[in-house]
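*Asks:* Please find one structure pasted underneath; my questions will follow.
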Amino acid sequence: MEKIRMLSTLGLMGAMRSLSSAYEAASGVRIDADFAPTQALLKRLREGEAADLVILTREGRAAAIITGETRKAGSSEAERAELYKTVIAYSGKYRIEGKEFVTAVEMSWNESWNGTDQRRSWRFEDDKLVIDTAPIPAPNFPGKMVVARLIWERDK
């Protein structure tokens, strides 16, 4: 089974537990998540640990870094092009507009996203907040379409 390695802040632990099971059920890809305080996560990434990372701050900023698990360092133009196909990374201010979660992208791995709004639909299901993308090509799994879904569950 393919898997995604992810690091997340402690504040998203409940959400990511829900996301992991929903994503695996929909895609057959397992999410291997580890949770730690934000500064500890950033230190681990700087030291070279490979993982995906999602951060939402109370000040309204979002950052996401998602990479394919089988990435290998490349030096040739072709190898670097392959690396580009297996990453998503962007950050910016987020806001809620009606039933949409919107990130105003300020910086991204894909220059065409810079200055754009990335819109996701949201809804409540019982004590859960569900955020979905429209169907998109799976950046880490060529030839597959996915709906990326985040599910936050209220602590009880």
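The values are calculated or read from the model by the stated rules, or taken from the named source; none is laboratory data. Since the model is a prediction, treat every value here as computed from it, not as a measurement. Cβ: placed from backbone, ideal geometry, glycine included. Neighbour counts: every protein chain shown.
*Asks:* Could you tell me which residue of segment 106-118 is modelled with the highest pLDDT, considering only residues that are charged (D, E, K, R) and touching a strand residue (DSSP E or B) at 6+ places or on another chain (Cβ under 8 Å)? Before you say what the answer is, go through the steps one by one.
*Replies:* Kept after step one, since they are charged (D, E, K, R), are these residues of segment 106-118: 106, 111, 117.
Keeping just the survivors that are touching a strand residue (DSSP E or B) at 6+ places or on another chain (Cβ under 8 Å) gives 106, 117.
Working: Glu106: 96, Asp117: 92.
Looking at residues that are charged (D, E, K, R) and touching a strand residue (DSSP E or B) at 6+ places or on another chain (Cβ under 8 Å), I get Glu106.
*Asks:* Is it the case, given these coordinates, that Arg30 is over 28 Å from Ser112 (Cβ atoms), modelled with pLDDT under 80, surrounded by fewer than 17 Cβ atoms within 10 Å (Cβ to Cβ) and in contact with a helix residue (DSSP H, G or I) (Cβ under 7 Å, 6 or more places away or on another chain)?
*Replies:* On the way: over 28 Å from Ser112 (Cβ atoms): yes; modelled with pLDDT under 80: yes; surrounded by fewer than 17 Cβ atoms within 10 Å (Cβ to Cβ): yes; in contact with a helix residue (DSSP H, G or I) (Cβ under 7 Å, 6 or more places away or on another chain): yes.
So Arg30 passes the test.
*Asks:* Further, regarding this structure: Can you tell me which residue in segment 43-70 is farthest from Asn110 (Cα to Cα), limited to those that are among the charged types (D, E, K, R) and modelled with pLDDT under 70? Reasoning before the result, please.
*Replies:* Applying the first criterion (among the charged types (D, E, K, R)) to segment 43-70 yields 43-44, 46-47, 49, 52, 58-59, 61, 69.
Pick out the ones that are also modelled with pLDDT under 70 and you get 44, 46, 49, 52, 69.
Values: Arg44: 24, Arg46: 22, Glu49: 23, Asp52: 17, Glu69: 19 Å.
For segment 43-70, the residue satisfying everything is Arg44.
*Asks:* Could we say that Arg95 is touching a strand residue (DSSP E or B) at 6+ places or on another chain (Cβ under 9 Å), loosely packed, with under 15 Cβ neighbours inside 10 Å, assigned to a strand (DSSP E or B) and among the charged types (D, E, K, R) here?
*Replies:* Values: touching a strand residue (DSSP E or B) at 6+ places or on another chain (Cβ under 9 Å): yes; loosely packed, with under 15 Cβ neighbours inside 10 Å: yes; assigned to a strand (DSSP E or B): yes; among the charged types (D, E, K, R): yes.
In short, yes.
*Asks:* Can you say whether Ser121 is modelled with pLDDT of 85 or more, assigned to a strand (DSSP E or B) and within 16 Å of Ala148 (Cα to Cα), as far as the supplied structure shows? Don't jump to the end; show me each part of the working.
*Replies:* Working: modelled with pLDDT of 85 or more: yes; assigned to a strand (DSSP E or B): yes; within 16 Å of Ala148 (Cα to Cα): yes.
Criteria met by Ser121.
*Asks:* Next up: Which of the residues belonging to segment 109-118 are over 23 Å from Ile151 (Cα atoms) and in contact with a Phe, Trp or Tyr (Cβ under 9 Å, 6 or more places away or on another chain)?
*Replies:* Within segment 109-118, Trp109, Asn110, Trp113, Asn114 meet the criteria.
*Asks:* Also, quick follow-up: Would you call Ile88 in contact (Cβ under 8 Å) with a residue 12 or more places away in the chain, surrounded by 14 or more Cβ atoms within 10 Å (Cβ to Cβ) and assigned to a strand (DSSP E or B)?
*Replies:* Working: in contact (Cβ under 8 Å) with a residue 12 or more places away in the chain: yes; surrounded by 14 or more Cβ atoms within 10 Å (Cβ to Cβ): yes; assigned to a strand (DSSP E or B): yes.
Answer is yes for this residue.
*Asks:* To continue, here is another question. For segment 74-93, name all the residues that are at pLDDT below 85 and hydroxyl-bearing (Ser, Thr, Tyr).
*Replies:* Hits for segment 74-93 are Tyr84, Thr86.
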